[in-house]
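I have placed the structure first, in the form of C-alpha cells, so that the comments after it can refer back to it.
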Amino acid sequence: MAKAPKKSAARSPAENPEFALHSLQEEFEKNKRFDASTEQMQSFYEQMLLIRRFEERAGQLYGLGLIGGFCHLYIGQEAVAVGLQSALSEGLDSVITGYRDHGHMLAYGIDPKVIMAELTGREAGISKGKGGSMHMFSTEHKFYGGHGIVGAQVALGGGLALAHQYNEDGGLCLAYFGDGAANQGQVYETFNMAALWKLPIVFVIENNQYAMGTAVSRSSAETEFYRRGTAFRIPGMKVNGMDVLEVRQAAEIAFKHVREGRGPVLMECETYRYRGHSMSDPAKYRTREEVQDMREHRDPIEGLKKTLIEQGSSEDDLKAIDKDIRKVVSEAADFAENSPEPDPSELYTDVLVEEY
Amino acid sequence: MAIELKMPALSPTMEEGTLAKWLKQEGDEIVAGDIIAEIETDKATMEFEAVDEGTLGKILVAEGTENVAVGTVIAMLAGEVEDISEAASAAPKDDVPGEGKDVGRPESSGGGSEAEIAKPAKKTGVKDPEIPHGTNIATVTVREALRDGMAEEMRRDERVFVMGEEVAQYQGAYKVTQGLLDEFGPKRVIDTPITEYGFAGIGTGAAMGGLRPIVEFMTFNFAMQAIDHIINSAAKTNYMSGGQMRCPVVFRGPNAAASRVGAQHSQNYGPWYASVPGLIVIAPYDASDAKGLMKAAIRCEDPVVFLENELVYGRSFELPELDDHVLPIGKARTMREGSDVTIVAYSIAVGLALEAAKQLAEEGIDAEVIDLRTLRPLDKEAVLESLKKTNRMVIAEEGWPTCSIASEIVAICMEEGFDHLDAPVTRVCDEDVPLPYAANLEKLALIDTPKIVKAVKKVCYRD
C-alpha cells in the first residue's frame, strides 16, 4: 500500500504541472460498471435490502412513537453506501457521515439490533441510548459518526484523513455529505486544506436532490456538485448513485488515486430519497409522480435484481434472501422494543473520560 | 400470524389524526413500500406506507374517521395466505403499554428524583506534587513555559502535534511556538491557512482518529468561527457515543483583552466554554501553572480549552526545574493565605488580586487569594473552604459580569456556603460594554486593582 507523501512546499498542488482535473472521470467513463461476481452481487443485494427493510421498519416504529425526535431514512439511497463501503479495506479505512447514518452503519456490517436499539433509546443501543438516530459511532469498525451538524463531518473527516497520513498507515477516509451540506463554508475550508496537504480522503456528495425541502436548483448556483472541487484542484467524478455497480466502479478508481498519495477526490453520487427529509416531513415540495417514477424506473434494488436474474439467479433465491432479511429486521425491532431504557445512573456517565 | 396496522404519528407530538383515505381495500395484495392510506392532521398530510407484505384483512377504522388516536389498530394484515381468515375476523388485541406514545417513560418510575441520580465521583485530596528540596528554581516567562510544556510532551508522545495559523515558519504570531518547527519538523508543526472553522474541525477529527492535536487559535476571538467544533464535535461526542469516541484535543491561544485592540479582539470566553459539559477549561496565571497545566492538558483524554493571556506572555515567574512538571486539572491554588476576606480570581486578574491584597495588608486587611486555574470542573471545595475561613468573598474577573465565572461562584456560595457568609459575595468584573478603543475609555472599562480594593473594603465594612 502506498505510503502517504510528506508535506513539503515544493510539492504543493499549485506547482503540479501534470494536474488533470478530469482524469478520473475519463477513466470512469471507459467502463462504468464494476465487474462483480454473482456472490458479490448477491451480497450487495442483501445489504441494500437490509437497509431498505430496516429503514421501513424504523419508519414504522417512529410512527408508533417508539422512536423519537428526528429520524432520517436512507430509503432510495442504498446503492451509495453499499457500493462505496464494499470497496473499503476493513479495519483500515475510516468512514464519517451526517445524520442520515443508518444505512452506512448497516453497510458496514454493524449489528442491526444495536442500531435499532439506539433508535428506540435503549441501554443496549450502540451509544447506550445517549446518542439517538443522528449520533451513532463504532470505533471498532472505524465508523466515526453519525454527526448532527450539517457539514461538520467534512472537516472532521479531513482530520481522520490527517491521522491516516500522519500514521502512514495507508488508510483513507470516506466522508459523506449531502447536497445541502455542500453549501456550508467549512466544506470548502476542508477542500482547501485536503488538497494543499494531499490528504487521503474521498469526499462523497450524496445528491438526493433536496436539501430538506429545497430543491438543488433553488439552493445551489452550481448544481453539478462534482465540479465544486475545481477551485481547489480536486478531481471530480459524477456517478449514478442508483446503480450499485457504478458506485463500486467509481470507488475503485477514486480509492486507487487516493491511496497513491495523490490527494483527495470529490465524488458526486446522484441519488434520490423516497421518504421525506425526516419522518416529520410531509414532502409537499415534490409530486407523488416524481417519487413514483424514481421508484419504478431507477430503484437500486430492483435494478440489481434485474441484473441478477439476467445472470441466472432465480426469483426463489432472491425471495429466500428477502425472507432472511425480514427475519433479521424483525428480530432487531423486537430487540429494540423489548430492551430496557438506560439506567438513571447513566445520566452522568461518559460526560468526561477522566476524573478530576 | 396476522399483523396489526396501527395509526402512525407524523411527529413525536402528534396524538391523534384523521384517517383521510384508504388507498387499498380489504383483500388487496400489499408489498412493502405500498401506500396503504393517507393520514391527516391540521398541519400535514402523510402517506402510510406498508412495511410488511401480505393481504389486507379487515379494515377496522373507516376512511374519513377523525380523532383517531396514535397507536389505534386500523387494519389487519395477513402475512401468509392461510392467515387471511384470521386477519379478516381478528379483533385487535389490547394495546400494549408503551406502544403508541412516549414509551418507557412512566411518570411514576422515571428515576427523576435526585437521590437516584449518581453524580460522578470527584477526586479528593489531590494536591500539586511536592517540589523536592534543593530543586533549582529558574525564572522564565509564561511564553517560554507554554512552549517548553508543549515541546516536552511532543518529545514524550509521537502523537502530539501543533497546528494553527503562523505556528511554524513564522514561529507563532505571539511566538509561543518559537523553535518547535526546527525541532519537530513540518509534519508535527503545521501551518494552516486562515480558516478556523476548517482547521478546528480537522484537529478535532484527528483526535477522534487517535492523534493528540494542539490547535492554536491566534486569539480566542477567532475561535468563535470554530466554536461549533469545540462544542458540538469535541465536547459532546464522548457522551453521545456512550463513551466510545474520545476526543483528546487541546484548543489553546490568548484569550480576553489585550491592549488597545478594540471590541472584536478583546473578549474573555472563559464563561462560555466553562458552561459546556464535556469540556475541560483551564486558564492559568503564572509560568509554573502554564507549563504544568499545559502538560496535563495534552495528556488529558478529554477535550481541553486552554485560555492564555497575551498581556501575561512576557511576564517572568519562578518555575521549578523538574524533569516532569505536571499539575492536577480541576484544582485551585491558594496564592496568598489570609484570614479576613477571600479574593477569587483566574488568569490575569490573579495578578491584580495579589496587588490588591498587598495594598489591603497595608491597611490591616488580611486577604486570601485563590487562583481557580481550572474553570471547568471548578474547584468549588477550595472556594467554600476559604469562605468558611474568611466569611467574606470578592471575585475578580477580567471579563463581563453577566453570566460570568464570578456569577457562578456567587451562586455556589449562596447555595452551599450561605451559613458562612458575613457579607454579600461581590463581583468585580469589566464594565458591561464592548471594549472601547480610546485609551481612557478602555482603562475605565477594564477591571483594575483599585476596583478590587474598593470592593474588598466594602465587604469588610471598612469603606
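Read-outs: derived from the displayed coordinates by stated rules, not from any lab. Since the model is a prediction, treat every value here as computed from it, not as a measurement. Here the Cβ positions follow ideal geometry from the backbone for every residue, glycine too, while neighbour counts run over all protein chains shown.
Kindly provide the chymotrypsin sites (Phe, Trp or Tyr not before Pro) of the stretch B:222-259 that DSSP labels as loop, not H, G, I, E or B, and whose Cβ sees at most 12 other Cβ atoms within 10 Å.
Answer in residue order: no site qualifies.
Note on the protein assembly as shown: Kirkwood hydrodynamic radius from all Cα pairs is 29.3 Å, rounded to one decimal. Straight Cα distances below 12 angstrom link B:K451 to the aspartates and glutamates B:E355, B:E397, B:E398, B:D430, B:E431, with same-chain residues fewer than 8 positions distant left out. Listed from fewest to most Cβ neighbours within 10 Å, the set A:V80, B:V31 follows the order B:V31, A:V80. Of the GluC sites (Glu not before Pro) found in the stretch B:146-177, those in coil by DSSP whose Cβ has at most 13 other Cβ atoms within 10 Å are B:E158. Peptide A:185-193 has a mean shielding of 6, counted as Cβ atoms of other protein chains within 10 Å of each residue's Cβ. Of interest is the spacing of the C-alpha centroids, which for the stretch A:242-285 and the stretch B:118-144 amounts to 52 Å. Does a label point 7 Å from the Cα of B:L60, set along Cα-to-beta-carbon, have any residues of the stretch A:58-94 with amide nitrogen under 15 Å, and which are they? Residues A:64 fall inside that zone. Magnitude of the charge dipole for chain B, about its Cα centre and with charges confined to Cβ atoms of Lys, Arg (+1) and Asp, Glu (-1), is about 2480 debye. Of the GluC sites (Glu not before Pro) found in the stretch A:223-305, those in coil by DSSP whose Cβ has at most 16 other Cβ atoms within 10 Å are A:E224, A:E260. Looking at the protein assembly as shown alone, DSSP beta bridges between its own residues are antiparallel in about 40 percent of cases. Summing Cβ point charges (Lys, Arg +1; Asp, Glu -1) relative to the Cα centre of the stretch B:2-89 gives a dipole of roughly 260 debye. Once you have a ≥ b ≥ c as the square roots of the Cα gyration tensor eigenvalues for the stretch B:234-321, tell me rounded if a/c is under 1.5, and otherwise prolate or oblate according to whether a/b is larger than b/c. Oblate, because a/c is 1.5 or more while a/b does not exceed b/c. If you take the square roots of the eigenvalues of the alpha-carbon gyration tensor of the stretch B:137-320 and sort them as a ≥ b ≥ c, do you get rounded (a/c under 1.5), prolate (a/b over b/c) or oblate? Rounded, since a/c falls under 1.5. Annotation: lysines with alpha-carbon distance below 28 angstrom to B:K458 (same-chain offsets under eight excluded): B:K358, B:K380, B:K388, B:K389, B:K443.
Note on the protein assembly as shown: dipole from Cβ charges, positive end direction compared against B:V126, A:V150, A:T139; the farthest Cα belongs to B:V126. Look at the alpha carbon pairs under 8 Å that are at least 6 residues apart: their mean separation over the length of chain A gives a relative contact order of 25 percent.
Cβ crowding within 10 Å, taken as a proxy for footprinting-reagent exposure, orders A:S280, B:S316 from fewest neighbours to most as B:S316, A:S280.
Comparing A:A211, B:G201, B:C460 along the charge dipole axis of the protein assembly as shown, the residue lying farthest to the positive side is B:C460, per the Cβ-charge model. When the square roots of the Cα gyration tensor eigenvalues are ordered a ≥ b ≥ c, the ratio a/c for the stretch B:2-89 is 1.5 or more and a/b exceeds b/c, which makes its shape prolate. Separation of the alpha carbons by more than 28 angstrom is noted, of A:K284/B:K24; A:K113/A:K256; A:K30/A:K305, for A:K113/A:K256. Between A:K284 and A:L347, the simple spin-label model (points 7 angstrom out along Cα→Cβ) gives 4.0 nm.
If only the Cβ of Lys and Arg carry +1 and only the Cβ of Asp and Glu carry -1, the dipole of the stretch A:134-220 around its Cα centre is close to 180 debye. The residue list A:S345, A:Y356, A:V80 was ranked by how far each Cα lies along the charge dipole of the protein assembly as shown toward its positive end, using unit charges on Cβ atoms, and A:Y356 comes out on top.
Only DSSP H runs of four or more residues enter the estimate; each adds -39500 (n - 2.57), and after division by the residues of the protein assembly as shown the mean residue ellipticity at 222 nm equals -10000 deg cm²/dmol.
For the residues of A:129-138, the average number of beta carbons from a partner chain within 10 Å of their own beta carbon is 4. Pairs from the table (A:K238/A:K306; B:K122/B:K331; A:K130/B:K43; A:K128/B:K236) lying more than 18 angstrom apart at Cα are A:K238/A:K306; A:K130/B:K43. Each residue in B:K21, A:K323 was given a count of other beta-carbon atoms within 10 angstrom of its own, and listing them fewest first yields A:K323, B:K21.
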